Amino acid sequence: MSTQKAKVDHLTAVMSGGSGGGDELLFGTTPVSALADQVSTPFYAYSGDAIEARINRLRSALGSDTEIFYSLKANPSLGICQLMANKGVGAELASIGELLLAKKAGFAPEMIIFAGPGKSMEELETSITMGISAINAESAGEIERIAEIAARHGTVARVSLRVNPAAALKGAQMRMGGGPQQFGIDEEQVPGILDRFSGHPNLQFVGIHVYAGTQMTDAEAILANCRNTLEVGRAVSERIEQPLQELDFGGGFAVPYFENSPEFDLDLFAAGYRELIKEAKGETAFAGTRFIIELGRYLVAEAGVYVTRVVDVKWSRGKKYIVTDGGMNHHITATGNFGQVFRKSYPIAALTHLHGDMEDPAAVVGPCCTPLDILGQNLELPAVETGDLIGVFYSGAYGYSASSLAFLSHPTPAEVMVYRGNTHVLRKQGRPDQVLDGQIPVQM
């Protein structure tokens, strides 16, 4: 069995909760064809049960001394955010839209942290007046703006320093720490920042945040980053002469999208991590500290499938093309056109012929009039016909929200979540005339 076929078998078991054995993909006990009949293709389908299982698995591995926060940018669908909030997960966000979404989803202010460079005055003011757990400040100028707004409102803003570590995180597919970065305050600048702003009547320094990279498969490298983060935390605690209230290690656990991609060894990481936390809890610097691991992709990617319908099967000079009604406009990361490292095919399957005999390799392409709209090349799939359903797995993260949904003016896809036997429509399919919404005609 190929590793790609093994991935598809694993993922279909995840969606069905291990109960699926038929020829059609199940979400729990709900056939994917029933979802397609309800909302029409293309659409994103999420398993709330798979998300819940991943949260429970993480909590069991990391221990009760660590809080899990969800990075909303991975998938800001309201229903998924509600599930996270109901499970006691925190919200890490990076825009006023995400802030309002977090509030609507039911995250308590003390369970919200705001990160990201270039926060607007409106974003800072809303964060301060809402009383969120921490604004992760990324520069001295941002701290000045926070202090100004807090003074104007006669309040004290809770600030955590986002630190750009001196050492880069080895093995990260996207590095966000080490060397010059738009993210955070350089580690060597932290003492001067604290000396400058400590004692300000409208600022309370509550902790630090280090997010050094993403898509990490090397558990030992992430542990090394955690050790370094604790060292930075000790230095900050000593400088402000009080224990840290919060310490955010970031996350970056990898998802094995592609054939031969290794799984992240959560157990290996957790064993070393729990020892670090056990030692840290005995130190004055971390007396009563909230330890935070923030994750996005790792929480939701595996729980989502992009479902699209075959509209044509054609041959061109000996090559087979399966043409679907959804493509790069709805799921740009799956086509490798997101400006990052993803260039191989995600796991793709014929969702209504999971166990059919494989045919000649085919390309699965979308409806967009560009040669970039290729969901997968040289895929071994069963015989499919017009009307059959094709699914792109690992689509729970950076799918809908990361895509160029206005490209070529196709209607936007629906989103549904199946959770504990119930189907929830999270977003209806867009209308063909949606392209005209908000546009103002010129009077000629």
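The values are calculated or read from the model by the stated rules, or taken from the named source; none is laboratory data. These numbers were taken from a predicted model, which means no experiment stands behind them. Methodologically, a virtual Cβ is constructed for each residue, glycine included, from the backbone with ideal geometry; neighbour enumeration extends over all protein chains shown.
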Open item on the list: Looking at LEU223 and the list (1) in contact (Cβ under 8 Å) with a residue 60 or more places away in the chain; (2) of a type in the set (A, V, I, L, M, F, W, C); (3) touching a Phe, Trp or Tyr at 6+ places or on another chain (Cβ under 7 Å), which single condition is not satisfied?
Closed with: (1)
Task: Qualifying residues in the stretch 299-322 (those that are aromatic (Phe, Trp, Tyr) and surrounded by fewer than 24 Cβ atoms within 10 Å (Cβ to Cβ)) - the one nearest to LYS87 (Cα to Cα) - done: TYR321
Task: Residue count, the stretch 377-394 (criterion: at positive phi and not aromatic (Phe, Trp, Tyr)) - done: 2
Task: Number of positions in the stretch 33-47 that are surrounded by 21 or more Cβ atoms within 10 Å (Cβ to Cβ) and either closer than 16 Å to MET417 by Cβ or not hydroxyl-bearing (Ser, Thr, Tyr) (or both) - done: 9
- [ ] Give me a count of the residues in the stretch 12-32 that are closer than 24 Å to GLN377 by Cβ and either surrounded by fewer than 22 Cβ atoms within 10 Å (Cβ to Cβ) or in contact with an Asp or Glu (Cβ under 7 Å, 6 or more places away or on another chain) (or both).
- [x] 1
Open item on the list: Checking VAL425 against (1) surrounded by 16 or more Cβ atoms within 10 Å (Cβ to Cβ); (2) touching a strand residue (DSSP E or B) at 6+ places or on another chain (Cβ under 7 Å): exactly one of these is not met. Which one?
Closed with: (1)
Open item on the list: Please pick out the residue among ARG297, ARG317, ARG309 that is within 26 Å of CYS368 (Cβ to Cβ), out of contact with any strand residue (DSSP E or B) (no Cβ under 9 Å at 6 or more places or on another chain) and of a type in the set (Lys, Arg).
Closed with: ARG317
Open item on the list: Any residue that is crowded, with 20+ Cβ neighbours inside 10 Å, in contact with an Asp or Glu (Cβ under 9 Å, 6 or more places away or on another chain) and farther than 24 Å from ASN228 by Cα - is there at least one of those in the stretch 330-346?
Closed with: yes
Open item on the list: Step by step: first the residues of the stretch 396-434, then only those that are farther than 21 Å from CYS368 by Cα and of a type in the set (Val, Ile, Thr), then the one that is nearest to the chain's Cα centre (by Cα). Which residue is that?
Closed with: VAL416
- [ ] Search the stretch 199-223 for residues being of a type in the set (S, T, N, Q) and at pLDDT 90 or above, and hand back the single one that is surrounded by the fewest Cβ atoms within 10 Å (Cβ to Cβ).
- [x] GLN204
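A quick yes/no check of all residues on (1) buried (at least 22 other Cβ atoms within 10 Å of the Cβ); (2) at pLDDT 95 or above; (3) farther than 27 Å from SER139 by Cβ:
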| position | (1), (2), (3) |
| --- | --- |
| VAL190 | no, no, no |
| ASN225 | yes, no, no |
| ARG234 | no, yes, no |
| SER237 | yes, yes, no |
| PHE264 | no, no, yes |
- [ ] List the number of the failed condition for ARG227; all other conditions in (1) among the basic types (Lys, Arg); (2) touching a helix residue (DSSP H, G or I) at 6+ places or on another chain (Cβ under 6 Å); (3) over 19 Å from LEU203 (Cβ atoms) hold.
- [x] (2)
Task: Test: ALA91 is closer than 14 Å to LEU295 by Cα, under 17 Å from the mean Cα position of the chain (by Cα) and assigned to a strand (DSSP E or B) - done: yes
TODO: Search the stretch 101-142 for residues being in a helix (DSSP H, G or I) and among the basic types (Lys, Arg), and hand back the single one that is surrounded by the most Cβ atoms within 10 Å (Cβ to Cβ).
DONE: LYS103
